[in-house]
Every structure is written in C-alpha cells, then in structure tokens.
1. Under 7 Å between Cβ atoms, at least 6 apart or on separate chains: pull out the pairs that start in the range 21-48 with a residue that is exposed (fewer than 11 other Cβ atoms within 10 Å of the Cβ) and at pLDDT 95 or above and end on any residue that is part of a helix (DSSP H, G or I) and not β-branched (Val, Ile, Thr).
2. List the helices (runs of 4 or more DSSP H) that sit entirely inside the chain and contain at least 2 residues that are of a type outside the set (Asp, Glu) and under 23 Å from the mean Cα position of the chain (by Cα).
3. Condition first: modelled with pLDDT of 95 or more and on the phi > 0 side of the Ramachandran plot. Can you find one or more residues in the range 59-82 that meet it?
Amino acid sequence: MDKTELNSKVKDLRELRRMSEEIAAEIEAITDTIKREMTAQGVDMLAGDDWKATWKQVQSARFDSRAFKVAMPDLYERFTRSAETRRFVLA
C-alpha cells in the first residue's frame, strides 16, 4: 500500500471514529431519556409493541486487587503475572 492509500485509510478511519462517537453520544442520550421516563413512572420495566426495557439494581462482588496488594504484598506478587499486548494508537 502506498502513502496515498495509507493517507486515505487513515482519513476514513478518523471519520468513522468521529461518527462512532456521535452515534455513541446519541445512544446515551436516548438511553438517559428512557431511564428518566422509568424514574418518572416509578418502574424498573417498560414494554412496547416489540421491545422491553429494564433498569434494575444489580448486586455484584468484585475483587479489590489494590486493597489486597496493600494488605498482602508478598501474596500479591506471587500470584501476579505479566501479559504483553500491542496497542494501536492513531494520533
């Protein structure tokens, strides 16, 4: 691929990322509108002709690795492993 083609691909990628950000913002805005309506109605489920939306409290338990590292640094080191990845950045 020559430089002209690469420049074109990068331009396309930037435009698609910009569009993706705009779509994500629009999705978030519509989601927030539906959540506000659920709050106003005092419900955690709404349904329509071919859809159902739920917004419920969910309990979860997560491992606090920072607290574990402080409380038991030796054990933390024994059970920590390194991983190598590659990151693509377009600036």
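1. No pair meets every condition.
2. 3-41, 65-71
3. No, the conditions are met nowhere in the range 59-82.
The values are calculated or read from the model by the stated rules, or taken from the named source; none is laboratory data. The structure presented is a predicted model; accordingly, all values stated were derived computationally and were not measured. Virtual Cβ from ideal backbone geometry, glycine too; neighbours counted across all protein chains shown.
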